[in-house]
1. Cβ contacts < 6 Å: first residue at pLDDT 90 or above, restricted to the stretch 112-129; second residue surrounded by 13 or more Cβ atoms within 10 Å (Cβ to Cβ) and of a type in the set (Asp, Glu), any location; separation 6+ or different chain. Result?
2. Of all the residues that make up the stretch 90-109, how many are more than 19 Å from Phe185 (Cα to Cα) and surrounded by 15 or more Cβ atoms within 10 Å (Cβ to Cβ)?
3. I'd like the full set of residues that are assigned to a loop (DSSP other than H, G, I, E, B) and of a type in the set (Gly, Ala, Ser), limited to the stretch 58-85.
4. Residues to consider are Ile135, Ile175, Ile188, Ile142; find the one that is open to solvent by 80 Å² or more (accessible area, probe 1.4 Å) and of a type in the set (A, V, I, L, M, F, W, C).
5. Check the stretch 148-170 and report whether any residue there is touching a residue at least 40 places away in the same chain (Cβ under 8 Å) and closer than 16 Å to Arg85 by Cα.
6. Starting from residues that are open to solvent by less than 70 Å² (accessible area, probe 1.4 Å) and in a loop (DSSP other than H, G, I, E, B), keep the ones in the stretch 158-172 and report whichever is nearest to Asp60 (Cα to Cα).
7. All but one of (1) open to solvent by 60 Å² or more (accessible area, probe 1.4 Å); (2) over 30 Å from Ile50 (Cα atoms) hold for Asp112; state the number of the condition that does not hold.
8. May I ask you to say which residue of Gly151, Gly100 is modelled with pLDDT under 90, among the small types (Gly, Ala, Ser) and not in a helix (DSSP H, G or I)?
Amino acid sequence: MHVTKSAWKIIMKCFSILTSISLLFPVLAFMPNQKIGTSSRLNAWVDDAIGVTAPVGFFDPLGLSANKSDETMALYREAELKHGRVAMAACLGWYVTAAGVHPAFQSTLSSDPLLAAQQLPAVGWLQFVLGCGAIEFLAEQIKLQPGYVPGDLLGAAQWVDNSDEGWVGYQNREINNGRLAMVAFMGIFVQDLKFGNYGDQIFRN
């Protein structure tokens, strides 16, 4: 399977547009929160210490949580954790590649991650898709276990609960770092796509 340069440019252009639109959402943090429903279910999430941290508190400027069930809110939390973890891994992988570390494919891939994605052979993409699929399959099986907590794929909730301040602090750090990584990766991607800068832009000479 080979993607032509013209097709790749179209794909990158579409992704750039979607990324640029996504960058607008952090701005909404400065908008006043819409009135949120006062149901006891939602209050349980609003008052939940997990992910509700200063200075933002319960962050929902678009009111997406209004009148949502516990099941839907759990789905939102699951999605936030998953996207945050992927974004953190993506930021790490981006700068490992940009540093010139290429252990696979005889180290022939470019240090520019976007160019390296074009150079990656079909077998590499196949491994990537199958690997992600395997993780998703295992995650869905884990969700079937009784007492499953959104995002807790390792079963830590079976050993410690949210009465432990240390455990709550760990969860908050993971969520906040994931949120930062999602915004950061969008900026990293646009920086390379628009300006061709893919490495360290802070400490470079």
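1. Leu114/Asp192
2. 2
3. Taking the stretch 58-85 first, the residues assigned to a loop (DSSP other than H, G, I, E, B) are 58-69.
Correct list: Gly63, Ser65, Ala66, Ser69.
4. Answer to the check: Ile135.
5. yes
6. First, the residues of the stretch 158-172 that are open to solvent by less than 70 Å² (accessible area, probe 1.4 Å): 160, 164, 166-169, 171-172.
If we keep only those that are in a loop (DSSP other than H, G, I, E, B) as well, we get 160, 164.
On the way: Val160: 28, Asp164: 26 Å.
Applying the filter and picking the extreme gives Asp164.
7. Of the numbered conditions (1) open to solvent by 60 Å² or more (accessible area, probe 1.4 Å); (2) over 30 Å from Ile50 (Cα atoms), the odd one out for Asp112 is (1).
8. Details: Gly151 fails: modelled with pLDDT under 90.
Just one listed residue meets the conditions, Gly100.
The values are calculated or read from the model by the stated rules, or taken from the named source; none is laboratory data. Quick caveat: nothing in here was measured; it's all calculated off a predicted structure. Glycine also receives a Cβ, built like all others from the backbone with ideal geometry; neighbour counts cover every protein chain displayed. Side chains are part of the model used for accessible areas, which takes the heavy atoms of the whole protein and leaves out ligands, DNA and RNA. Shrake-Rupley method; radii C 1.70, N 1.55, O 1.52, S 1.80 Å.
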